[in-house]
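The values are calculated or read from the model by the stated rules, or taken from the named source; none is laboratory data. All values reported here derive from a predicted model rather than from experimental measurement. For neighbour counting, all protein chains shown are included, and Cβ atoms are generated from backbone atoms with ideal geometry for every residue, glycine included.
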Amino acid sequence: MSKKLSKNWITLLILALAGGLVFKIPYLKYSYYDALIEALQIDDIQLGVLTSSFGIASMVCYFPGGWVADKFKAKNLLCFSFIAQGLLGLIYSTFPNYNIVLLIHIAYGAVVCLTYWSVAIKAVRLLATGEDIGKMFGFWEGGKQISGLIISYTALAIFARFDVERIGMTWILIIYSSILISIGILLLFLLKNVESTEKSAISLKDMFTISKEPKAWIFGLMVFTAYHFHIGMNLITPYLTRLFNVSSTKASGISMFMLYVVGFFGAAVAGTLVDKFKSTLKVVTYMLVLAVLSLVLYLIVPVNINFTFIIITLWGLAQFSNFAIRGVYFSSLGEIGVPKERTGLFIGFASFIGFIPDTYFHMLTGFFLGKYPGQFGFKLCFIYMLVMTVLCLLVVSYLKNKYKIEN
């Protein structure tokens with residue numbers, strides 16, 4: 001391994017360790033759904049509004065965030081991003097009134113998508129040599145899961161020590177926030193500037209001209225349809241606690257294992273397969289088939305405590321395919337002919353389209369679960385996720401065929 005390649009992997013490790021915490025605070029409900037409702041004294045719909053507010057702010061900022069990634073130094077942006085996220089988390093830990101919490105989610109979305117998301121993805125792409133791009137993206141995603149695993153299980157152990165869930169949630173937020181601020185400071189000294197050797201002629205005008213490229217819309221549609229499956233996985237935690245009598249602490253522990261351990265292997269395996277098959281889109285297709293299978297089985301398996309193990313096993317299958325897809329789909333940028341100097345803009349636009357579900361999916365599922373408590377509400381959520389995942393298969397097939405035609 002060359003000296004430059006070795007440094008690239010060390011830089012990737014730093015990015016992965018830091019990135020494992022970025023979405024912890026706005027997505028606390030993934031592992032602490034019922035505990036968060038109790039701590040904030042809100043209902044399913046209000047929790048959905050909080051998450052959707054983060055999504056709306058993110059959607060607005062994804063596109064300009066791509067331009068920011070192409071114009072400013074990654075090191076400075078990432079350091080600012082982690083410190084700002086930590087400060088917002090500390091305010092959140094005091095559990096102020098609902099309107100303040102809503103503003104925190106909006107501000108968090110703006111910070112993450114203006115100064116982290118496109119910046120980090122572009123940095124990973126620039127670190128890759130070409131032959132190892134699949135591994136770079138796969139292990140970046142997988143590395144985030146490992147760092148998230150260690151920190152989250154530590155936080156869960158602390159949470160379990162408190163009889164009052166509100167106090168436990170306060171300490172989780174303090175832990176996450178303190179680590180984010182520490183990482184932001186450490187990156188000032190540990191992270192070397194990641195710069196492209198290609199000169200960028202990107203201007204503000206390009207933010208609008210890129211919207212005329214069909215390729216950007218198709219890629220964004222792939223992310224859009226796939227993202228429903230990713231964010232829908234948070235529903236399995238309340239599915240277990242409400243219908244299968246699994247305790248909140250146990251469900252949270254299982255959730256973290258699925259997110260971080262299974263998620264790591266899903267992303268790492270997918271990254272390796274991409275480099276083996278020389279095609280990201282082919283690997284994404286295989287993993288989407290697994291995702292469809294898991295959702296169909298969720299609709300078929302009866303709600304009965306005797307089937308708890310089957311539900312948890314299906315969760316593992318679903319999360320493996322979920323993080324396999326999420327871990328590598330951005331590595332297809334080169335495969336579909338996107339030049340490196342336009343990476344930030346392309347990611348920004350595709351993310352603007354692709355992560356729109358964050359603006360409404362949580363409110364929609366909150367409505368389903370509130371309006372139809374019990375099995376029927378969850379089944380409606382799974383059916384919607386299934387429809388979107390099947391659509392994603394069709395979009396990937398089209399994108400794959402279009403790429404072959406262009407080349």
Reported set for the stretch 367-396 where residues are surrounded by 15 or more Cβ atoms within 10 Å (Cβ to Cβ) and under 12 Å from Tyr298 (Cα atoms) is Phe378, Lys379, Leu380, Cys381, Phe382, Met385, Leu386
Check the stretch 279-299 and report whether any residue there is on the phi > 0 side of the Ramachandran plot, surrounded by fewer than 19 Cβ atoms within 10 Å (Cβ to Cβ), of a type in the set (Lys, Arg) and more than 20 Å from the chain's Cα centre (by Cα). no
Residues located in the stretch 179-198, provided they are out of contact with any helix residue (DSSP H, G or I) (no Cβ under 7 Å at 6 or more places or on another chain) and either modelled with pLDDT under 85 or farther than 30 Å from Ile151 by Cα (or both): Leu186, Phe189, Glu195, Thr197
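Inside the stretch 310-330, can you point out the residues that are of a type in the set (Phe, Trp, Tyr) and modelled with pLDDT of 95 or more? Working first, answer last.
Our first condition is that a residue be of a type in the set (Phe, Trp, Tyr); within the stretch 310-330, this holds for 315, 320, 323, 329-330.
Trp315, Phe320, listed by residue number.
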Among (1) surrounded by 18 or more Cβ atoms within 10 Å (Cβ to Cβ); (2) touching a Gly at 6+ places or on another chain (Cβ under 7 Å); (3) under 30 Å from Val246 (Cβ atoms); (4) at pLDDT 85 or above, Asp44 falls short only on (4)
Here are some residues: Ile405, Ile383. Which one is β-branched (Val, Ile, Thr) and modelled with pLDDT of 90 or more? Ile383
Pairs with Cβ under 9 Å, 6+ apart, first in the stretch 93-122 and farther than 24 Å from Ile45 by Cβ, second crowded, with 23+ Cβ neighbours inside 10 Å and among the acidic types (Asp, Glu): Ser118/Asp70; Lys122/Asp70
Considering only residues that are modelled with pLDDT of 75 or more and polar (S, T, N, Q), which ones fall in the stretch 120-157? Gln145, Ser147, Ser152, Thr154
